[in-house]
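Trainee: A single structure is presented below for examination.
The values are calculated or read from the model by the stated rules, or taken from the named source; none is laboratory data. Note that the structure is a prediction, hence the values are computed from the model and not measured. Backbone-built Cβ (ideal geometry, glycine too); neighbour counts: all protein chains shown. Heavy atoms of the whole protein, side chains included, go into the accessibility calculation; ligands, DNA and RNA do not. Shrake-Rupley method; radii C 1.70, N 1.55, O 1.52, S 1.80 Å.
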Amino acid sequence: MSFEMKKTRGTIYLASAAIALALSLGAGQGLAHADETSQITTNQAVSQSAATDHDTVTDQANQQAASQSTASAQSATASSSSSDVKAANAPTDQQSAVTDNNQANTADQNKQNQQNNQVQTEDPRQKALDKFASEHVSGYIYSPDVSTANGGYNWFEDGQLFTGFRYYTGTYYWFVNGVRQNAGWRQAWGYTYYTDNDGRAVQGNQTIDGQEFNFGNDGTYYLRSTGYLFDGSSQNGGYRWYEDGKLFTGFRYYANTYYWFIDGVRQNAGWREAWGYKYYTDNDGRAVQGTQIIDGRAHYFGDDNTYYERPLQGYIWDGSPQNGGYRWYENGELFTGFRFYTGTYYWFIDGVRQNAGWREAWGYTYYTDGDGRAVSGRQWVDGAEHFFGNDNTYYERRSTFFTDGGNIYYANGDGNIVTDWQTIDGRSVHFWADGRLDTDSVNIDFGHWSLDQRALGAPEGCEGVSFQMALSAKGKAVPDIHDIYNRIGYGFGVSPYDGFHGNPFGYGQWYTQTVLAAPLAAKLNGAYGVETKDITGAGVGEVLSQLMANNLVITYLPWNLQLNNASNNFHVQLIYGYRDGGFLIADPLTIARGANYWLSTSDWAYLNANVQPVGYGAPASMNVAVI
């Protein structure tokens with residue numbers, strides 16, 4: 001870059017034509033925004049020149065005055081020397097005065113010499129910078145004491161060396177600490193620019209290091225290009241991702257996969273958040289798919305080119321040191337608790353399958369064997385026999401009667417199956433050495449009301465009246481029969497699988513009017529101070545277990561104790577006790593054998609398993625426990 005200059009009294013000044021700055025590009029983007037603060041007018045330049053002329057004239061005047069003062073001093077010194085010779089024999093007090101005066105002059109001279117030496121040793125660059133700062137100069141100023149680069153010219157803003165773009169002689173130049181730079185990439189105002197070998201911001205299509213870039217043609221100069229562009233940056237071989245000329249942060253598809261960029265720089269391994277999902281990029285910065293082991297844990301990112309993490313579920317290999325490297329994950333987290341796997345339940349702690357041991361879950365106690373599987377049935381554990389159910393519930397039974405193989409057992413409060421004589425709920429009973437209940441030692445007879453459904457105005461209401469008698473045996477308040485059936489729901493449009501089909505307060509039809517065991521238990525459960533449980537399919541042992549637990553059983557039997565499914569003899573009664581191998585039954589109809597009677601367990605089992613309503617089918621062995 002060359003500039004027209006002229007000399008005036010030994011000082012170099014910029015010609016006003018060379019320093020007139022065209023500073024306004026009008027409205028627009030990019031560099032056009034920078035014009036406002038870079039204006040230096042010709043008048044300002046002239047004012048600076050005039051100020052410099054004034055300083056020069058002042059310096060010359062000071063030099064003349066200094067010369068005259070020196071001459072006077074020399075003349076005075078000569079006169080003084082002559083006087084000293086003539087006055088050699090003067091009185092002593094005059095000599096003392098002269099000596100004091102000479103010493104004072106010597107001290108002043110030494111002080112002046114020190115000040116002169118300090119001025120001479122002051123940093124010329126700092127002196128120049130202080131001068132420009134005090135004058136608040138702005139523009140491209142000839143200042144070789146500051147920097148000799150670019151012919152000694154440096155850009156100042158308000159007396160300070162400037163870094164950034166400034167408009168000068170028809171284009172933009174990039175300065176760093178006042179020094180005009182040459183070829184290179186520049187960042188300003190959120191955009192990217194490039195200056196050529198002469199330091200000018202480029203426009204249009206440019207080939208830089210063998211790559212094509214577009215910087216627009218509207219006087220804004222910023223980069224428009226998009227993609228993975230070489231800009232000489234310090235990472236990834238000098239490449240960064242640009243989006244419409246701006247350094248980009250986020251995912252971009254490149255070379256058949258997705259990469260993550262931050263301020264244009266491709267990142268390597270790490271977790272990423274985008275579009276409301278979580279991703280992971282590998283050591284090469286690529287988004288991963290499938291199952292990946294990250295920091296010792298398994299994660300799943302799909303296999304459909306979507307790359308985001310899915311909650312991992314199941315028994316997954318993650319290379320952990322136990323159980324062959326497998327652990328259980330639930331919603332992407334290592335799981336603690338029971339999980340069903342390969343036909344049974346296993347217990348996991350932090351994803352690791354456990355082996356033999358006691359477990360607590362859902363308010364119950366369980367035991368897992370040496371392979372980690374939850375056990376069921378009767379099991380010997382720690383020298384005692386326990387029962388864990390035969391219904392795939394696996395929990396240990398405690399303080400309860402239970403049946404196994406048609407026999408009745410009792411598990412105490414510790415879960416141990418008892419033997420010998422035991423007092424349970426105030427009743428003394430005997431158990432054989434293998435834990436089986438000695439049924440000959442059992443005698444149960446619950447006191448209850450004997451009720452007649454016809455007398456209560458419910459000739460078809462045997463289910464509700466049997467429930468009333470059970471409530472009386474439990475010592476509960478007995479509600480009106482209408483209240484019970486209103487709770488159950490009834491009508492000819494009601495299915496017996498949902499409520500009472502028919503009218504319990506009317507008379508018989510050619511088909512059966514009733515409510516089946518499951519909906520009966522469901523509608524009455526929790527009402528009137530008791531619980532009701534559907535035990536359809538129960539055998540003798542289950543019913544006797546309920547009686548031993550002080551529960552009564554509503555049972556479905558033919559009213560005449562005869563099986564003829566062509567006739568409408570379907571009926572519901574109440575089992576309220578046990579004695580001598582038979583059940584004590586209360587009949588709300590009181591036709592066949594009166595209000596209460598004894599029925600052998602074998603006859604009861606046969607009748608209960610085979611009675612069927614007329615007009616539709618029903619499950620066999622329907623019973624409801626009133627607890």
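Trainee: Kirkwood Rh and Cα-based Rg: tell me the resulting Rg over Rh for the range 482-627, rounded to two decimals.
Mentor: 0.94
Trainee: Taking a ≥ b ≥ c as the square roots of the Cα gyration tensor eigenvalues, with a/c under 1.5 meaning rounded and otherwise prolate when a/b beats b/c, else oblate, which class fits the range 175-275?
Mentor: prolate
Trainee: Let me ask something additional. Projected area of the range 295-444, taken from the Cα convex hull and averaged over every viewing direction, in nm²?
Mentor: 11.9 nm²
Trainee: For the range 317-473, with only Lys/Arg (+1) and Asp/Glu (-1) charged at the beta-carbon, what is the dipole magnitude about the Cα centre, in debye rounded to 20?
Mentor: Here the range 317-473 has a charge dipole of around 240 debye.
Trainee: Take every Cα-Cα distance within the range 410-481, group them into 5 Å bins from 0 onward, and report for each bin the whole-number percent of pairs it holds.
Mentor: Over the range 410-481, the share of Cα pairs per 5 Å bin runs 3, 14, 18, 13, 9, 10, 12, 11, 6, 3, 0 percent.
Trainee: Something else: At 1.4 Å probe size, with the rest of the protein present, what percent of the exposed accessible area of the range 426-506 is carbon and sulfur atoms?
Mentor: Of all accessible area on the range 426-506, carbon and sulfur atoms account for 47 percent.
Trainee: To continue, here is another question. Could you state, as a whole-number percent, how many of the C-alpha pairs of the range 261-310 are farther apart than 18 Å?
Mentor: When all Cα pairs of the range 261-310 are counted, 25 percent exceed 18 Å.
Trainee: Hey, what do the phi angles of the range 165-180 turn into as Karplus ³J(HN,Hα) couplings, whole Hz, using 6.51/-1.76/1.60 and θ = phi - 60°, x for Gly and Pro?
Mentor: Those phi angles translate into 8, 9, 7, 7, 6, x, 7, 9, 10, 9, 10, 10, 6, x, 8, 5 Hz.
Trainee: Measuring from label point to label point, each 7 Å out along Cα→Cβ, what is the residue 430 to residue 277 span in nm?
Mentor: 7.3 nm
Trainee: What accessible area per residue, rounded to a whole number of Å², is obtained for the range 476-545 using a probe radius of 1.4 Å?
Mentor: 45 Å²
Trainee: From the Cα trace of the range 292-349, what convex hull volume per residue do you get, rounded to a whole Å³?
Mentor: With only Cα atoms used, the range 292-349 gives 91 Å³ per residue.
Trainee: Over all Cα pairs of the range 116-237, how is the pair count split among 10 Å bins, expressed in % and running from 0 up to the last occupied bin?
Mentor: Percent of Cα pairs in each bin: 12, 37, 26, 16, 7, 2, 0.
Trainee: While we're looking at this one, here's another question. To two decimal places, what compactness ratio does the range 124-167 give when its Cα radius of gyration is scaled by 2.2 N^0.38 Å?
Mentor: For the range 124-167, the normalised Cα radius of gyration is 1.04.
Trainee: Distance between the C-alpha centers of the range 445-481 and the range 522-539? Whole Å please.
Mentor: That distance is 15 Å.
Trainee: Restricted to Cα positions, what overall size does the range 231-389 have along the principal axes? Three whole-Å values, descending.
Mentor: In descending order, the Cα extents are 78, 26, 23 Å.
Trainee: Accessible area per residue of the range 284-400 at 1.4 Å probe, in Å²?
Mentor: 52 Å²
Trainee: Roll a 1.4 angstrom probe over the protein heavy atoms and tell me the percent of accessible area of the range 256-319 that is carbon or sulfur.
Mentor: The nonpolar share, carbon plus sulfur, comes to 43 percent.
Trainee: Can you give me the three principal axis dimensions of the range 396-450 from its C-alpha atoms, in Å, biggest first?
Mentor: Reported extents, whole Å, longest axis first: 38, 22, 22.
Trainee: Principal axes first, then extents: for the Cα atoms of the range 417-536, list largest minus smallest coordinate on each axis, whole Å, largest first.
Mentor: 55, 27, 26
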